[in-house]
Amino acid sequence: MDLAREAAEEAAAPGVVGEHVGVVSEGDRVVTHYFEAKEPGYRGWRWAVTVARASRAKNVTLDETVLLPGADALLAPEWVPWSERLRPGDMGPGDLLPTEAEDLRLEPGWSGEDEPPPNSLVSEEMAQLVDAEDAELTDRPVAATSRGSIAAVAEELGTRRARVLSRYGLMEAADRWDEAFGPRTPMAQAAPATCVSCAFLIPMAGSLKQAFGVCANEFGPADGHVVSLAYGCGGHSEAAVMPTPPKPAPHALDTMRVDAYALRPERGEGSVPAEADGASEDLGHS
């Protein structure tokens, strides 16, 4: 056991090898000694030192020294690939999110040729640019098409791309949108009406327009988001229509001027004469 402790202390930092906690026989003349590990962050771990002795030999030799977790050891969580760890909102400015070549959400589009168009990210030309040290991904216009051609129709329908959404990708997006702004949300359950009759609903194009639209009510909880036609909120355009305020009556005065009035009547205009008519006697008491 002394040889095992010396080996553990040599492999570990000074003062982190604890008490001897057990010994396990691995085979004929091969045993493993376990010592408590006191490293910070390694709760429940043990130093395992395996020693052996050859047949008819007197000296014990060292096989290996390793730090192993115990039954109640503090372990790191299981590693998960980045594609499974990624969550909505994790991407920032300048980040690139690659898609797998066999992504179930995508399927080949129509390019008119066996090779993808030159502006596609899966074309050989773009792959060479990406491999370059100073590469920059830039949008390149698709070659001009004649009106009425199959390529023009495909471009108008939005399918003249290297890859387009598959049915699986559409259904996955629909389930995600329905969970966020669908009929089973508490907001929709308490709404006076659904979005299908709301004036703030902007219809979508494509096959999803039968079930989804975009909310354009800046005061609603789903402004700018894709909502289910069965979703609803208190901001419905017809939920509480405010009556038109009555038109105020016209002003009763037809002129706006100031009339001047004297504080005292003019001489001769009052009911009391300004001067006495004749001599008056003094009135007094007799």
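Shape index of segment 1-69: Rg/Rh, with Rg the Cα radius of gyration and Rh the Kirkwood radius from the inverse mean 1/r over Cα pairs, equals 1.00. From most to least packed by mean Cβ count within 10 Å, the peptides 100-106, 52-58 give 100-106, 52-58.
Starting from the residue with the highest accessible area, list 161, 5 in decreasing order, probe 1.4 Å.
Ranking 161, 5 by accessible area, largest first, yields 161, 5.
Could you tell me the calculated FRET efficiency between residue 175 and residue 39, based on Cβ-Cβ distance and R0 = 35 angstrom, to the nearest 0.05?
0.15
The largest accessible area among 244, 99 belongs to the first residue in 244, 99, and the rest follow in falling order (1.4 Å probe, all chains).
Each Lys and Arg contributes +1 and each Asp and Glu -1, all at the Cβ; summed about the Cα centre of segment 167-228, the dipole is approximately 180 debye. The label point for residue 257 and the one for residue 67, both projected 7 Å from the Cα toward the Cβ, are 10.3 nm apart. Computed from the alpha carbon positions, the gyration tensor of segment 167-228 leads to an equivalent ellipsoid with semi-axes of 19, 14, 10 Å, biggest first.
Backbone amide hydrogens, once placed in the peptide plane, bring residue 226 within less than 5 Å of nothing, excluding anything fewer than 5 places away on its chain.
The values are calculated or read from the model by the stated rules, or taken from the named source; none is laboratory data. Quick caveat: nothing in here was measured; it's all calculated off a predicted structure. No Cβ is skipped: glycine too gets one built from the backbone with ideal geometry, and neighbour counts run over all protein chains shown. Calculation scope for accessible area: heavy atoms of the full protein, side chains included, ligands and nucleic acids excluded. Shrake-Rupley method; radii C 1.70, N 1.55, O 1.52, S 1.80 Å.
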